[in-house]
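Read the structure below first, then the notes.
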Amino acid sequence: MAPPAAAAAAAVTLGGKGAALTPAAVYALSHGLADPAIDPSALQRLSTRGPSPQDTPASLRDLALSPPESRAAAAVLLNKLLVTAGDSSTLVTAATATGLAGSLDLAAALPPASRDEAAVAAASAPVAVALAAAIDCCASPLVRVADAVAALSCEAARGDVAAFDVPTSGDGLSAKDEADVAADVKMLLFGSKLVGAAGGADTASFTKVPTVNGIFREAVRALHARVRIELNAPVKLGKRDAVQTGEGKEEALVALATQLARPVQAMLKLSVARARLCVARIDDAELRKKLTNGVEIDDLKGMLGKVTIDSDAVSVLRGVYNSLFKFRDILAWEAAVAMAVIEMDSSIEKPQAGGENEAGSSTENQQASGEKPKGDKKSKKKKTLGKGTSAVLMLLRDHVTNGKEVLSVNSALLAEWGTELSLLFDPKCSRLVSLVDKVKEVVETNEVRRLPKIPKGTRDFGKEQMAIRERAFSIITGVFKMHGAISLDTPVFELRETLMGKYGEDSKLIYDLADQGGELCSLRYDLTVPFARYVAMNNISSLKRYQIAKVYRRDNPSKGRYREFYQCDFDIAGVYETMEPDFEVIKVLTELLDQLDIGTYEIKLNHRKLLDGMLEICGVPPEKFRTVCSSIDKLDKQTFEQVKKELVDEKGISNETADKIGDLVKTRGPPLEVLLELRKEGSKFMGNAGSVTALNELEILFKALDKANAIGKIVFDLSLARGLDYYTGVIYEAVFKGTTQVGSIAAGGRYDNLVGMFSGKQVPAVGVSLGIERVFAIMEQQETEKNQIRATETEVLVSIIGKDLILAAELVSELWNAGIKAEFKLTTRIQNHLNYAKKSGIPWMVLVGESEISSGKVKLKNLTANQEEEVDRTEFAQVLKQKLRNP
């Protein structure tokens, strides 16, 4: 987010190494609040040769610019000339630069004195960039001001703070800016005794604030990021046309500016609606009528159309800039009305400098409000504003009154306040910095009172989720151990060089860590590459291992897709008979999915050599095999037409070749049947050596899986590509077919060259990785539907009908010593014991009250069968053990 405009500086230095021209500096230069100065080192890099006048770029001809617009454009162009000259051998004359700095008039640079200057002027689009910088500078402080004014109106209108209860989640399905706006407004209102009261204002005008203001934040941030680049990046044209480059910049800035104009329009209408809610709180009917008619919603209709309908970039950007002026005026009017309502309300304590609140105010009309005179013991305690809104109110009130006492409030005074506040919200006003800083200070100092959040793409596991996870891990570990695998653990981060170059286009998803001691490290992306690194580093020739651990991917979170998640890997490294380890790994995968009992699934299977053979048959150059595979791998999420467009437009594949690929990737079905089809006489695959090798290996694999009764869930699918670079043989992917939409739940394949990439010694390997987070989602849904989720495995609840901890300790310890999972509870109300046991799903209770203590017995209650029996106190543990073991 761009910082708010700073107070006017004596000079803005341009062209210095490491210096950056900010939107605030452009705004200050445009309004004569600062003067430009060329950095001496930049001046030395300029040419002293005489001018060789060139044609003025068409985009800079016949422009009717206002003086501030011309000054801003001149500052932008001057900076672009200086930074471009410092970055390359571009010819920029000292005369042009000093002329621009001296006059700060765009005309001083026209016509350009060299061909390079003409190219820079055309490519940098200085007028559009200058206007975008002005929009950025004006909009950035309004991000905070709009939130503060909305909070102040919420106080004045007695709105409901529940309007700002915006839930967040770590799966990317909640808007961060929306949640941040809601949290900031709640912090400003923290401590208020006005908001949330019964009979408060209609919440609609406040409920929309987080969403609309959040979109505004997002749009301002996007525009600021682009403007920052356009202000400071040197022009590098290469073979590109300068005019077209400049036009492209203009179009980009127009798109971002109009994207900002839409939330401005929505915020403007919300501001009017909130102001009217505040006016409704005023008792004076005449004043209320005057204020209600002050702004008409009809006046705002069509504003966005007027902003965007003009065809040229300068007109559109100027229109967006003017819409910000209108919004600023309306926001100032809303703030003035909210202040007036608070001033006139005798039931509100008025904040004063120094943190003390007034006992009363001379601006209050005691007769109209019915305030009781001082000393009246029956006078009601006054209500206080939130700590944040109190601070904002004091700043605004001090600005409009200059510390003077307000004797009465009328429409003329409100108009004056509105004008003063509109000037305050202008970046030219130095007090705007104080206001924005105060809002930020309130929000940040109250950060500890916010409900904490978790990062996007992460999740907490509560007690029910942990119970499901532990059960799943137990099943998975049992299957792995049944096949003789040993457990292995590796560091959560690796050297960056270990991970790079192994994941193809997905390498951009690797999380890099800050350099903390001379080593560039990254969080592990999967468990396969660290396993290969371990095998190579320890010179291991054969190993069957499993690992269950978290991995990290800088992906876009979505339902079932996280940035931090568990993987459960099973890998076999070493030299074996053909398809021997491949068969076992796939068999392990089927056993895992069967024992987890998640429902219907299928395992899509293909062979990398068969895939490469298919691409060769279709005419794809070998150097494009991997990048084409990455596109084919998207067929489970996109239509072939979408994939084809990517292949043709981005990967340089011809339409004819793409169509051939499309015909072949449709092939899928039962493994042995598809195998027979691909090997029949006349098949193109039989004329390709790599394909023949793959088909021979797949025949062995399919027959082995058939004999092991594991082929029923396998589908031979030529569209399966698996985009990772390290696969060399069989590849597979398990997909859940039930109602819960989670996509792929497991994947793997053969990677014969990965270990050799680390040590030079080739150790073939094959493995599978279970995406346990998605399996969790399926299991959690199933357990929820069955209402069978139990967070604990407690078998017995020892219920002491009283508060005798010593007795409870004695009884529950006997159960623990007998190996029985037990809890105890002390309370005199038996219903509390029963409710807890039923809620926790505990099947047995040991009830001990006064009668049981006196008789030397305890009462055993079977909650499932709803049966009770008394047993001797000395035998109860053994009786329970027998009943639990033989239900």
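The values are calculated or read from the model by the stated rules, or taken from the named source; none is laboratory data. Being a predicted model, the structure only gives us computed values, none of them experimental. Virtual Cβ from ideal backbone geometry, glycine too; neighbours counted across all protein chains shown. Only protein heavy atoms, including side chains, enter the accessible area calculation; ligands, DNA and RNA are left aside. Shrake-Rupley method; radii C 1.70, N 1.55, O 1.52, S 1.80 Å.
Looking only at residues in the stretch 525-547 that are of a type in the set (S, T, N, Q) and surrounded by 18 or more Cβ atoms within 10 Å (Cβ to Cβ), the one that is modelled with the highest pLDDT is Gln547. Among the residues of the stretch 410-430, count how many are in a helix (DSSP H, G or I) and either free of Cβ contacts under 8 Å to residues at least 12 places away in the same chain or open to solvent by 20 Å² or more (accessible area, probe 1.4 Å) (or both). Matching residues across the stretch 410-430 total 8.
Residues in the stretch 548-569 that are of a type in the set (Lys, Arg) and either buried (at least 16 other Cβ atoms within 10 Å of the Cβ) or out of contact with any helix residue (DSSP H, G or I) (no Cβ under 7 Å at 6 or more places or on another chain) (or both): Lys550, Arg553, Lys559, Arg561, Arg563. For the stretch 193-222, the set of residues classified as hydroxyl-bearing (Ser, Thr, Tyr), more than 16 Å from the chain's Cα centre (by Cα) and modelled with pLDDT of 85 or more consists of Thr207 only. Scoring Val620 on the criteria (1) in the same structural domain as Met579 (by the TED database); (2) part of a loop (DSSP other than H, G, I, E, B); (3) surrounded by 13 or more Cβ atoms within 10 Å (Cβ to Cβ) leaves a single failure, condition (1).
Looking only at the stretch 656-677, filter to residues that are free of Cβ contacts under 8 Å to residues at least 24 places away in the same chain and open to solvent by less than 40 Å² (accessible area, probe 1.4 Å); which one of those is nearest to Glu602 (Cα to Cα)? Residue satisfying both the conditions and the ranking: Gly662. The residue pairs whose first member lies in the stretch 230-253 and is outside any helix (DSSP H, G or I), whose second member is open to solvent by 40 Å² or more (accessible area, probe 1.4 Å), and whose beta carbons are closer than 6 Å, counting only pairs six or more residues apart or on different chains, are Pro234/Asp87. Could you list, in sequence order, all residues of the stretch 776-817 that are assigned to a helix (DSSP H, G or I), polar (S, T, N, Q) and either within 39 Å of the chain's Cα centre (by Cα) or not assigned by the TED database to the domain that holds Val848 (or both)? Selection gives Gln781, Gln782, Thr784.
Looking at this structure, is Lys438 open to solvent by 80 Å² or more (accessible area, probe 1.4 Å) and modelled with pLDDT under 85? Answer is no for this residue.
Is there a residue in the stretch 390-406 that is aliphatic (A, V, I, L, M), open to solvent by 70 Å² or more (accessible area, probe 1.4 Å) and not assigned by the TED database to the domain that holds Ser140? No: the stretch 390-406 contains no residue that is aliphatic (A, V, I, L, M), open to solvent by 70 Å² or more (accessible area, probe 1.4 Å) and not assigned by the TED database to the domain that holds Ser140.
Quick test of your reading of the structure: Ser140 fulfils all but one of (1) closer than 19 Å to Val264 by Cβ; (2) open to solvent by 10 Å² or more (accessible area, probe 1.4 Å). Name the failing condition by number. Every condition holds for Ser140 apart from (2). Within the stretch 673-683, being out of contact with any Gly (no Cβ under 9 Å at 6 or more places or on another chain) and within 17 Å of Ser719 (Cα to Cα) holds for Glu673, Val674, Leu675, Leu678.
For the stretch 59-132, the helices (runs of 4 or more DSSP H) that sit wholly inside it and include 3 or more residues that are open to solvent by 10 Å² or more (accessible area, probe 1.4 Å) and touching a residue at least 60 places away in the same chain (Cβ under 8 Å) are 67-87, 115-124. Considering the stretch 573-589, and only residues there that are of a type in the set (Val, Ile, Thr) and closer than 11 Å to Val768 by Cα, the residue that is surrounded by the most Cβ atoms within 10 Å (Cβ to Cβ) turns out to be Ile586.
Every residue, every condition in (1) within 20 Å of the chain's Cα centre (by Cα); (2) part of a strand (DSSP E or B); (3) aliphatic (A, V, I, L, M), yes or no:
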| residue | (1), (2), (3) |
| --- | --- |
| Glu497 | no, no, no |
| Ser522 | no, yes, no |
| Asp526 | no, no, no |
| Ala532 | no, no, yes |
| Asn539 | no, no, no |
| Ala549 | no, yes, yes |
| Asn556 | yes, no, no |
| Gln567 | no, yes, no |
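Per the listing Asp489, Asp512, Asp506, the residue uniquely surrounded by fewer than 13 Cβ atoms within 10 Å (Cβ to Cβ) and either under 23 Å from the mean Cα position of the chain (by Cα) or in contact (Cβ under 8 Å) with a residue 24 or more places away in the chain (or both) is Asp489.
Inside the stretch 742-772, residues that are surrounded by fewer than 19 Cβ atoms within 10 Å (Cβ to Cβ) and within 29 Å of the chain's Cα centre (by Cα) make up a count of 2.
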